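*Asks:* Here you go, one structure.
The values are calculated or read from the model by the stated rules, or taken from the named source; none is laboratory data. Only a predicted model underlies this, so the values are computations on that prediction, with no experimental measurement involved. Virtual Cβ from ideal backbone geometry, glycine too; neighbours counted across all protein chains shown. With ligands, DNA and RNA removed, areas are computed over all heavy atoms of the protein, side chains included. Shrake-Rupley method; radii C 1.70, N 1.55, O 1.52, S 1.80 Å.
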Amino acid sequence: MNQEQINTGFDPSPENGVPPSKDSKALHMPSEMIKPSKNGGDQEKKEDVEDNEPERAMWGNQIEFLMSCIATSVGLGNVWRFPFVAYQNGGGAFLIPYIIVLLLIGKPMYYLEGVIGQFSSRNSVRIWALSPAMKGTGYAQALGCGYILSYYVAIIALCLYYLSMSFQSTLPWAVCQPEWKNCVPSDQTENIVLTENSTSSAELYFVKTVLQQSEGIEGGLGAPIWYLTLCLLASWVIIFLIVARGVKSSGKASYFLALFPYVVMIILLISTAILPGAGDGILFFITPQWEKLIELNVWYAAVTQVFFSLSVCTGAIIMFSSYNGFRQNVYRDAMIVTTLDTFTSLLSGVTIFGILGNLAYVLKKEVGEVVGTGGTGLAFISYPDAIAKTFQPQLFSVLFFLMMSVLGVGSAVALLSTINTVVMDAFPRIPTVIMSAICCSAGFLIGLVYVTPGGQFILEIVDYYGGTFLILFCAIAEIIGVFWIYGLENFCLDIEFMLGIKTSMYWRFCWGVITPVMMIVVFIYALVSYEALLFGGYYTYPTAGYVSGYLMLLVGVAFVPLGIIFVMYKNRTGNCRETLIQSFQSKPSWGPRSTATRNEWKLYKQDAIAEREKLNTTWLTHIWLSLSNNYQHRI
């Protein structure tokens, strides 16, 4: 094999199967002439693709893609998970690492996935035609997506239950039941008799009435609770109706799923701000505790929260962007979504910490002491407790839990669509509605685990091992596969061809060095400093619980090395070096979906590579020129 065909990480290598052409300069389109169009460019009903390629659905218009991404990324992770993670990590101190991680990891990963999905029109598994040996990363992401989806819909079911209970003349969580000891009615703000162990009626209602939560899982999980089972079924039916026709139906639903929650959030923010003690909670949220910044566990929490909030490395962004027109301005869309997601997290954080401030005022405690339970506690205890104190509690309760349900459905639709797309691309003859029905039915049966008295204990395990550790590992494998194997300069040339824009030093340094190094350091730290997961900060799981968590993680991680071994065995040549090259080198089919566009792209890259080869740079010089974006000044 010629030296020119060896991809050395950052090095742009000619694509397989493309013969050199002396006249290629006269055939390709100059990058200055390639501009993303307003309506998605080449978003046509009939594509110029090879005969063996099935027709692929596309968004009705560019706004549907943007709204779908907003509905995906702006979800329960912003309202339920972000305030809780901030609460655990010192309130305002968490904002600084969160913003830094967003700029150095979140935005680069989101932009990467948007580009790679749109460029190839492939799902999160098939994009690995760019480096076949790394295909296991796509399967690991799909598994992680399934883990998250399994408990995500169970949280939506809780939202629907609270929504149905909100229509009663007296909110059931606003008053105490006779059997509840040390109970403080959530609808009262004056003349409250407090004891050392005072607990709000909202918390007791959630734990004792809704969840019927057991003391542990040593004696089993118990039978599914019937009313939560019905809510879980309703949740899956709603999701099925949205995804049944693929992007044609989910695209239309995205307008409501993306915009409605903001209306409710603003209303709740205004109503929260006027509650007594709300200012103390907001100050707790925005006041940094500088000593927290040197704790690596805070940075680890920031990384995992950014991943969970933006839905990166689950395959959802790749899947959505794969339905775009080739010239759509995905750069602009990525910047809009990531910025809006951060704004939403901060908005919900201010709102919920205002509520915590009010709870502290009523219970005469410090803000950091008012929540006695973790996990879903902030969403289903703090918010309901504050809502019970408003002048129109039923109205605010209906609005809030409708908003929570809509946020959850928006993200769940994306997660399910990701799994659907992976399976349907493997079995294109199965109709979308049939595949959606199969996946939803399986999801409902798995979700029954979470609506048992011990369900919240299982939710914490799956979230911690499957939704945190595994997704971070997938992110590391993804960025190494794209930028250290396929090549940073290769990827930047693809962007230049598709969007007609040069990639700045910011993106190049993030993708090539900063983002992978930060993620590797955080991942290693998480493994080295591992402490046994405690539910609610007090409950130690039995050994079987921890073993199950590790098995979930290891099964996902194993996809990557097993994929490498399988592809190397498939491409074995008797020569280790040749086998490695063939296993990690891009397939001839890699590139734009349209045959005409792919031919233009191959010629475009040939010319760029030929010009770079004239410089006769060393490997280290080439890496520096790739990172610093100085090739354009040297040619």
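*Asks:* Within segment 573-631, can you find the residues that are over 23 Å from Trp128 (Cβ atoms), assigned to a loop (DSSP other than H, G, I, E, B) and among the β-branched types (Val, Ile, Thr)?
*Replies:* Once the filter is applied, which keeps residues that are over 23 Å from Trp128 (Cβ atoms), assigned to a loop (DSSP other than H, G, I, E, B) and among the β-branched types (Val, Ile, Thr), segment 573-631 yields Thr617, Thr618.
*Asks:* In segment 384-404, which residues are open to solvent by 10 Å² or more (accessible area, probe 1.4 Å) and either under 28 Å from Leu143 (Cβ atoms) or part of a helix (DSSP H, G or I) (or both)?
*Replies:* Answer for segment 384-404, where residues must be open to solvent by 10 Å² or more (accessible area, probe 1.4 Å) and either under 28 Å from Leu143 (Cβ atoms) or part of a helix (DSSP H, G or I) (or both): Pro393, Gln394, Leu395, Phe396, Val398, Leu399, Leu402.
*Asks:* Let me ask something else. Here is a check on your reading of the model: is Ala174 over 27 Å from Ser309 (Cβ atoms), open to solvent by less than 10 Å² (accessible area, probe 1.4 Å) and part of a loop (DSSP other than H, G, I, E, B)?
*Replies:* It is true that Ala174 is over 27 Å from Ser309 (Cβ atoms), open to solvent by less than 10 Å² (accessible area, probe 1.4 Å) and part of a loop (DSSP other than H, G, I, E, B).
*Asks:* Looking only at segment 61-92, which residues are open to solvent by 10 Å² or more (accessible area, probe 1.4 Å) and within 16 Å of Gln118 (Cβ to Cβ)?
*Replies:* Of everything in segment 61-92, those that are open to solvent by 10 Å² or more (accessible area, probe 1.4 Å) and within 16 Å of Gln118 (Cβ to Cβ) turn out to be Asn61, Gln62, Ile63, Leu66.
*Asks:* Report whether or not Pro185 is modelled with pLDDT under 90, surrounded by fewer than 20 Cβ atoms within 10 Å (Cβ to Cβ) and either under 38 Å from the mean Cα position of the chain (by Cα) or closer than 27 Å to Gly443 by Cβ (or both).
*Replies:* Yes: the conditions hold for Pro185.
*Asks:* Can you tell me which residues in segment 452-461 are surrounded by 24 or more Cβ atoms within 10 Å (Cβ to Cβ) and out of contact with any strand residue (DSSP E or B) (no Cβ under 8 Å at 6 or more places or on another chain)?
*Replies:* Gly455, the sole residue that qualifies.
*Asks:* Still on this structure: Among the candidates Gly368, Gly315, Gly349, Gly372, single out the residue that is modelled with pLDDT under 85 and crowded, with 24+ Cβ neighbours inside 10 Å.
*Replies:* Gly349
*Asks:* Sticking with this structure for a sec: Please list, ordered by first then second residue, the pairs with beta carbon atoms under 9 Å, 6 or more apart or interchain, first in segment 452-466 and under 14 Å from Tyr152 (Cα atoms), second of a type in the set (Lys, Arg) and crowded, with 22+ Cβ neighbours inside 10 Å.
*Replies:* Listed by first residue and then by second, the contacts come to Asp463/Arg81.
*Asks:* Let me confirm something: among Leu27, Leu95, Leu104, Leu112, which residue is open to solvent by 20 Å² or more (accessible area, probe 1.4 Å), modelled with pLDDT of 50 or more and under 27 Å from Cys492 (Cα atoms)?
*Replies:* Leu104
*Asks:* For Val422, all conditions in the list (1) within 30 Å of Tyr541 (Cα to Cα); (2) touching a helix residue (DSSP H, G or I) at 6+ places or on another chain (Cβ under 6 Å) hold save one; what is the number of the exception?
*Replies:* The number of the failed condition is (1).
*Asks:* Going through Gly487, Gly481, Gly466 one at a time, which residue ends up being within 21 Å of Pro108 (Cα to Cα), modelled with pLDDT under 90 and either in contact with a His (Cβ under 9 Å, 6 or more places away or on another chain) or not basic (Lys, Arg) (or both)?
*Replies:* Unique residue meeting the criteria: Gly487.
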